[in-house]
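Could you have a look at this structure, given as structure tokens, before my questions?
The values are calculated or read from the model by the stated rules, or taken from the named source; none is laboratory data. A quick note: this is a predicted structure, and the numbers were derived from the prediction, not measured. Virtual Cβ from ideal backbone geometry, glycine too; neighbours counted across all protein chains shown. We work out accessible area using only protein heavy atoms, side chains counted, and drop any ligands, DNA or RNA first. Shrake-Rupley method; radii C 1.70, N 1.55, O 1.52, S 1.80 Å.
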Amino acid sequence: MSECIIDVRNVWTQFGTHVVHRDLNLCVRAGEVMSLVGGSGSGKSTLLREILGLEQPARGEITVLGVSLQQGTPEQLQQLRNRWGMLFQEGAMFSALTVFENVALPLRELKTLDDGLIRDLVMLKLKMVDIQPRDASKMPSSLSGGMIKRVALARALSLEPELLFLDEPTAGLDPERSESFCRLIANLKRELGLTVVMVTHDLDTIVSISDRVAVLADQRIVALGSVAEVARHAHPFIVEYFQGERGRRALGGLNPLAAA
Amino acid sequence: MEFSEAADHPTPALSIGRAPDGGPAVTVTGAWNLRAIQPVAGVLRDQLAAQARGTRDAHWDLSGVTRMDHAGALMLWRAWGRRRAMHLRLKAEHENLFTHLQADTPVPPAAVPWRWMAPMLAATRPLMTLGAHIEDVIALLGQVSLALLEVLRHPSRMPWREISANVYRTGAQAMGITALVGFLIGVVLSYLSAQQLKSFGAGIFIVNLLGISIIRELGPVLAAILVAGRSGSAMTAQLGVMRVTDEIDAMSVMGIPYVLRLVLPRIVALAISLPLIVLWTNAIALVGGMVSARYELDVSVAYFLSELPNAVPVANLWLGLAKGAVFGMLIALLACHFGLRIEPNTESLGIGTTNSVVAAITTVILVDAIFAVLFSNVGVP
């Protein structure tokens, strides 16, 4: 087994008396696409926020790219933040800045790159996510939902991250857009050698791009493995989720049990 | 550690030599990804620029590059004059970084061309903006009047709950701050007037002076300015955020007229609560004045109170309260107007709130001047 690029060890999360994660362990390997699946309120988004250092677990340790989020020095954590990119569910575009400035902001923050290089890099990133040059000067408020997602992806990729986090990347996109978004992420992953962690509800997305799936239920990871492996699991949530009407359709010929 | 910095991120570097055919050869080594480039970007840029100048047919050897990403590829690409170097050796896995660049890298669209009309348009813009605001405020006032007519025809649709909530928020909760400011202004005004009156031996006229100035002028204006800053900004921000989050559209779709449910209750509420706040501010300011007069001029509280009705005709009180009601309606109207114009971005919210407060305070003072002219012979003994 290769080393974990993200290592979540014995994590407990508690809001008041409500326990969200009980002794949760998870390992994400370099170069894979890992999907986090779970019912509403199962703590997928909380886990993602903890891995990003936006929230602290009550107990346990999370190590990302060899840096402990709990014990790392401020400098280490700062460097770490330049090595990952996050795509928020609603895009989280800076509404006061244009599309171009949004993508350029992380690059400008480095303070060492010249304007010409920044401009070329931003336009390249926008081209990679299929945004037309004439849209670069628009404000985020005048973009459609799908375009916001793609611009947000360009911003997440602007620092050439090794690790990409996606929160519901295809929620709110029409099926065709969401399929092309999946293709885009798969391409980027292949070209840039990214490791991707994504939280999603969408079975089609899971089936089309994830290498492994982690199912969160009962305050821990109840199943971990390829889509086909996980779909055979007998946990009630998984049975309902993967072997229901929708699950069978999405899995198609992938799972002999569901097809039977 | 596997993910440590130094191990797989050797510093990017260039070295210059001779190619077999005698031309210059550049050997590129190290990690050419953003993280490795970033600390030495300036040096690399200068080296690359020096290399690229004049030597178009240099041999570039990139086979020693350990890592490369778009930033590194783009940096070399720019040094080659935005096309592939003529003689180039590179690793197969880095090939597709450059294929992205093959198609001409797009440049951002140019700025809008300059036009000779532009300065004139810019000069008249403030006037145009003011005109647009006035037009919008009048339109909103019309909508509010229609909503009011609607409510008068169907009294069951009166938004009582919203009105009482707003009266509480803009009135009851403003009592502390208006009391503090009113009291201090009363004390200061009384103290300064006492210094002057003493020198004329006209100490007892402090009652006339404070009574008229506070009840007719200072109370209403002070209360209005405080409420404009406190409640006007809150109303603008609230409506602005509701617009940003599409809540106002949601109400319209459900068939709930937002003017009736959001704008009308705020205007009615401030028309009720501001006169009450004016009364409260007047009372506290007069108490402050009385306390100060008691110590500075030896004018007793009993004398002050008994003399007040003679010194100040009651018309002044009604005038002050009427001003309060008018100011209240204006503040709420302007706050709602600015709130409904907010665009879905953070900057617009800040500008809108600021403009709302500035416009409300300016309007209050303007309208106060109009009142002063119109009622110049009312309530003056």
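For residues that are within 15 Å of A:Pro169 (Cβ to Cβ) and of a type in the set (Lys, Arg), tally how many sit in segment A:113-159.
3
Return the residue satisfying two criteria in turn: it lies in segment A:110-126 and is without any contact (Cβ under 8 Å) to a residue 12 or more places away in the chain and open to solvent by less than 10 Å² (accessible area, probe 1.4 Å), and of such residues it is nearest to the chain's Cα centre (by Cα).
Among those residues, the one meeting the criterion is A:Leu124.
Of the residues that sit in segment B:346-373 and are within 14 Å of chain A (Cβ to nearest Cβ) and either modelled with pLDDT of 95 or more or open to solvent by less than 30 Å² (accessible area, probe 1.4 Å) (or both), which one is nearest to the chain's Cα centre (by Cα)?
B:Gly352
Sort out which residues of segment A:9-29 are open to solvent by 60 Å² or more (accessible area, probe 1.4 Å), out of contact with any Cys (no Cβ under 8 Å at 6 or more places or on another chain) and under 27 Å from A:Ile209 (Cβ atoms), and write them in order of number.
Listed by number, the residues that qualify are A:Arg9, A:Asn25.
I need every pair where a residue in segment B:350-362 that is touching a residue at least 24 places away in the same chain (Cβ under 8 Å) and closer than 16 Å to B:Met329 by Cβ has its Cβ under 9 Å from the Cβ of a residue that is open to solvent by 30 Å² or more (accessible area, probe 1.4 Å) and not polar (S, T, N, Q), sequence separation at least 6 or different chains.
As it stands, the answer is B:Ser356/B:Ala237; B:Ala359/B:His133; B:Ala360/B:Ile225; B:Ala360/B:Gly229; B:Ala360/B:Leu330; B:Ile361/B:Ile225; B:Ile361/B:Gly229, since those pairs meet every condition given.
What number of residues within segment B:297-321 satisfy the criterion of being assigned to a helix (DSSP H, G or I) and open to solvent by 60 Å² or more (accessible area, probe 1.4 Å)?
Matching residues across segment B:297-321 total 8.
Go over the candidates B:Gly211, B:Gly232, B:Gly240, B:Gly201 one by one and state the one that is in contact (Cβ under 8 Å) with a residue 40 or more places away in the chain and over 23 Å from B:Ala332 (Cα atoms).
Going through B:Gly211, B:Gly232, B:Gly240, B:Gly201 in turn, just one is in contact (Cβ under 8 Å) with a residue 40 or more places away in the chain and over 23 Å from B:Ala332 (Cα atoms): B:Gly211.
So, in segment A:91-109, of the ones that are part of a loop (DSSP other than H, G, I, E, B) and within 11 Å of chain B (Cβ to nearest Cβ), which residue ends up surrounded by the most Cβ atoms within 10 Å (Cβ to Cβ)?
Residue satisfying both the conditions and the ranking: A:Met93.
Identify, please: which residue in segment A:61-71 is of a type outside the set (A, V, I, L, M) and within 12 Å of chain B (Cβ to nearest Cβ) and is, among those, nearest to A:Val197 (Cα to Cα)?
Only one residue fits best here, namely A:Thr63.
Condition (residue is assigned to a helix (DSSP H, G or I), surrounded by 16 or more Cβ atoms within 10 Å (Cβ to Cβ), without any contact (Cβ under 8 Å) to a residue 24 or more places away in the chain and within 12 Å of chain B (Cβ to nearest Cβ)) applied to segment A:46-60: is it met by at least one residue?
No, because not a single residue in segment A:46-60 is assigned to a helix (DSSP H, G or I), surrounded by 16 or more Cβ atoms within 10 Å (Cβ to Cβ), without any contact (Cβ under 8 Å) to a residue 24 or more places away in the chain and within 12 Å of chain B (Cβ to nearest Cβ).
Still on this structure: Sort out which residues of segment A:127-173 are in contact (Cβ under 8 Å) with a residue 12 or more places away in the chain and at the interface with chain B (Cβ under 8 Å from one of its Cβ atoms), and write them in order of number.
Listed by number, the residues that qualify are A:Met128, A:Ala136, A:Ser137, A:Met139, A:Pro140, A:Ser141, A:Leu159, A:Glu160.
Ok, one more. Of B:His59, B:His87, which residue is open to solvent by 60 Å² or more (accessible area, probe 1.4 Å), over 25 Å from A:Met123 (Cβ atoms) and more than 13 Å from chain A (Cβ to nearest Cβ)?
B:His87
Just to be sure before I move on: is A:Gly85 at pLDDT 85 or above and either charged (D, E, K, R) or outside any helix (DSSP H, G or I) (or both) in the structure I sent?
For A:Gly85, the condition - at pLDDT 85 or above and either charged (D, E, K, R) or outside any helix (DSSP H, G or I) (or both) - is met.
Does B:Pro20 satisfy the condition of being in the same structural domain as B:Met68 (by TED's automatic domain parsing), of a type outside the set (D, E, K, R) and at pLDDT below 80?
Yes, satisfied.
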